[in-house]
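Colleague: Shown below is the structure under consideration.
The values are calculated or read from the model by the stated rules, or taken from the named source; none is laboratory data. Not measured: the values here are computed from a predicted model. Methodologically, a virtual Cβ is constructed for each residue, glycine included, from the backbone with ideal geometry; neighbour enumeration extends over all protein chains shown.
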Amino acid sequence: MSGHRPAIRTVHGASSWRIANDVVEAWLTRDGGHLGPVHFKTARGVVQPYSVAPWVPREIGPEFPGVLRHLRGDFFCLPFGGNDAPWRGEQHPVHGETAEAGWRWVSSSQTEDATEFVARMRLRVRPGVITKRVRLVAGQTVVYCSDEIEGMDGPMCLGHHAMLRFPDGEGAGRIAGSGFRFGQVLPVPFENPAQGGYSSLRPGAVFHDLRRVPCAAGGYADLTRYPAREGFEDLVLLVTRPSSPIAWTTVAFPEEGYLWFALKNPKLLVSTVLWHSNGGRHYPPWSGRHRRVLGLEEVTAYFHLGLAASARSNTLSRRGVPTALILRPDRTLRIPYIMGVTSIPHGFDAVRRVRFGRDQLAFVSTSGKTVRQSIDLSFFSP
């Protein structure tokens, strides 16, 4: 261990570590490793884009999945998904031990240029060790995350589970990404009206345009704008087009004056799951109060259906889409992931493309306006 042991503080009911520099203040829950809230100091003011559940951990009893206890921000899932069915004798919790069990602090360091926090977890269901690193760079409104998996063997689905809270107003946020081969609505019903859950999109529908996604009642939904379809919960998966070594997902908030972005290696995180949570669950603990939340979840998985469904042959894998990675006990698998925000000028709408420079990104909007963000893309190097 190294560095000064950070103090534990209670943030929205959860014991959390503080990770901060001159422009970012982030909180990481000790249980589950949920990163949130995160405050970014931009040229347009301080913004906090992430969702925090409308309940506190003590309200979540043992009858609920442990991941719900601290539900907020972003967290790493290993394996990703519900994991209702066991896989070769392994019965993982919802979104894995990494999303609910206790992390152990390893080290903290801070220099004039960078801040780094390191935590570790020893996994029990499938023995192995995972090391989490959260890094901040001075002057950058960016969070660099990596999770290093060691000692594990066999197929595994995994992913990041970022959740943004959107402002009031239909279509206040504009969603865009680096492109996808095809998208599909969850092929089984996402919610059951008999239990108080409601969905609006047509189960199993395949689409190629995010602006024309089939609805169960007929017609189409435009998934490039959110909030939308109040009173419903929906889940779709987009298979990332691996046209470059780094893929991107963005949400622009024109009225709030900022842009949220995420970057990934599409060979490690093959797809993007969009979870639209807008008051469609009327059963506990949701009780109709989880609204205007959009999950932008970068994964290699078969939707959110867990390890068994992802490791077996499925409709995506039969189309050549990887839904699990093969872990080797003698190799360390590192999953790098970057999230950040940048201020945008008046008239900047949805992102049309992203230009990658040596040490910066240029976000170009459909209206032709450009903003630049300093970044360290060497983070994706092996």
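Colleague: Surrounded by 15 or more Cβ atoms within 10 Å (Cβ to Cβ), under 21 Å from the mean Cα position of the chain (by Cα) and either closer than 27 Å to residue 133 by Cα or in contact (Cβ under 8 Å) with a residue 60 or more places away in the chain (or both), is that true of residue 294?
Modeller: yes
Colleague: Considering only residues that are among the hydrophobic types (A, V, I, L, M, F, W, C) and surrounded by fewer than 23 Cβ atoms within 10 Å (Cβ to Cβ), look in the range 318-328 and name the one that is farthest from residue 35 (Cα to Cα).
Modeller: Within the range 318-328, the match that is farthest from residue 35 (Cα to Cα) is 321.
Colleague: Could you grab the pairs with beta carbons closer than 6 Å, sequence gap of 6+ or different chains, first residue in the range 165-184 and surrounded by 14 or more Cβ atoms within 10 Å (Cβ to Cβ), second one of a type in the set (Lys, Arg)?
Modeller: Qualifying pairs under 6 Å: 166/292; 179/241; 180/241; 181/241.
Colleague: Just to be sure before I move on: is residue 377 surrounded by fewer than 18 Cβ atoms within 10 Å (Cβ to Cβ) and either in contact (Cβ under 8 Å) with a residue 12 or more places away in the chain or in contact with a Leu (Cβ under 8 Å, 6 or more places away or on another chain) (or both) in the structure I sent?
Modeller: yes
Colleague: From the list 300, 315, which residue is of a type outside the set (Gly, Ala, Ser) and surrounded by fewer than 20 Cβ atoms within 10 Å (Cβ to Cβ)?
Modeller: After applying the criteria, what remains is 315.
Colleague: Further question on the same structure: For the range 172-211, give me each residue that is over 20 Å from the mean Cα position of the chain (by Cα), part of a loop (DSSP other than H, G, I, E, B) and under 26 Å from residue 246 (Cα atoms).
Modeller: Answer for the range 172-211, where residues must be over 20 Å from the mean Cα position of the chain (by Cα), part of a loop (DSSP other than H, G, I, E, B) and under 26 Å from residue 246 (Cα atoms): 208, 209, 211.
Colleague: I would also like to ask the following. Name the one entry in 61, 66, 73, 89 that is closer than 22 Å to residue 299 by Cα and without any contact (Cβ under 8 Å) to a residue 40 or more places away in the chain.
Modeller: After ruling out the rest, the residue left standing is 66.
Colleague: Of the numbered conditions (1) within 30 Å of residue 43 (Cα to Cα); (2) surrounded by fewer than 22 Cβ atoms within 10 Å (Cβ to Cβ), residue 342 satisfies every one except a single condition; which is it?
Modeller: Going through (1) within 30 Å of residue 43 (Cα to Cα); (2) surrounded by fewer than 22 Cβ atoms within 10 Å (Cβ to Cβ) one by one, residue 342 breaks only (2).
Colleague: Let me ask you something else. Scan the range 146-165 and give yes if some residue there is more than 29 Å from residue 332 (Cα to Cα) and not small (Gly, Ala, Ser), otherwise no.
Modeller: Yes, because at least one residue in the range 146-165 is more than 29 Å from residue 332 (Cα to Cα) and not small (Gly, Ala, Ser).
Colleague: Identify the residue in the range 224-238 that is of a type outside the set (Lys, Arg) and in contact with a Lys or Arg (Cβ under 7 Å, 6 or more places away or on another chain) and, among all such residues, is farthest from residue 170 (Cα to Cα).
Modeller: 233
Colleague: Shifting gears a bit: Just to confirm my filter: which strands (runs of 3 or more DSSP E) fall fully inside the range 1-113 and include at least 3 residues that are among the aliphatic types (A, V, I, L, M)?
Modeller: 14-20, 24-29
Colleague: Inspect the range 249-270 for any residue being buried (at least 22 other Cβ atoms within 10 Å of the Cβ), within 14 Å of the chain's Cα centre (by Cα), under 15 Å from residue 184 (Cα atoms) and at pLDDT 95 or above and give the result as yes or no.
Modeller: yes
Colleague: Failed condition for residue 27, given (1) aromatic (Phe, Trp, Tyr); (2) in contact with a strand residue (DSSP E or B) (Cβ under 7 Å, 6 or more places away or on another chain); (3) in contact (Cβ under 8 Å) with a residue 60 or more places away in the chain, with all others met?
Modeller: (3)
Colleague: Condition first: over 28 Å from residue 23 (Cα atoms), exposed (fewer than 15 other Cβ atoms within 10 Å of the Cβ), at pLDDT 95 or above and hydrophobic (A, V, I, L, M, F, W, C). Can you find one or more residues in the range 84-91 that meet it?
Modeller: yes
Colleague: Under the condition of being small (Gly, Ala, Ser) and part of a strand (DSSP E or B), which residue from the range 145-164 is surrounded by the most Cβ atoms within 10 Å (Cβ to Cβ)?
Modeller: Filtering the range 145-164 for residues that are small (Gly, Ala, Ser) and part of a strand (DSSP E or B), the one surrounded by the most Cβ atoms within 10 Å (Cβ to Cβ) comes out as 159.
Colleague: Take the residues of the range 203-245 that are of a type in the set (S, T, N, Q) and at pLDDT 95 or above: which is nearest to residue 192 (Cα to Cα)?
Modeller: It comes out as 224.
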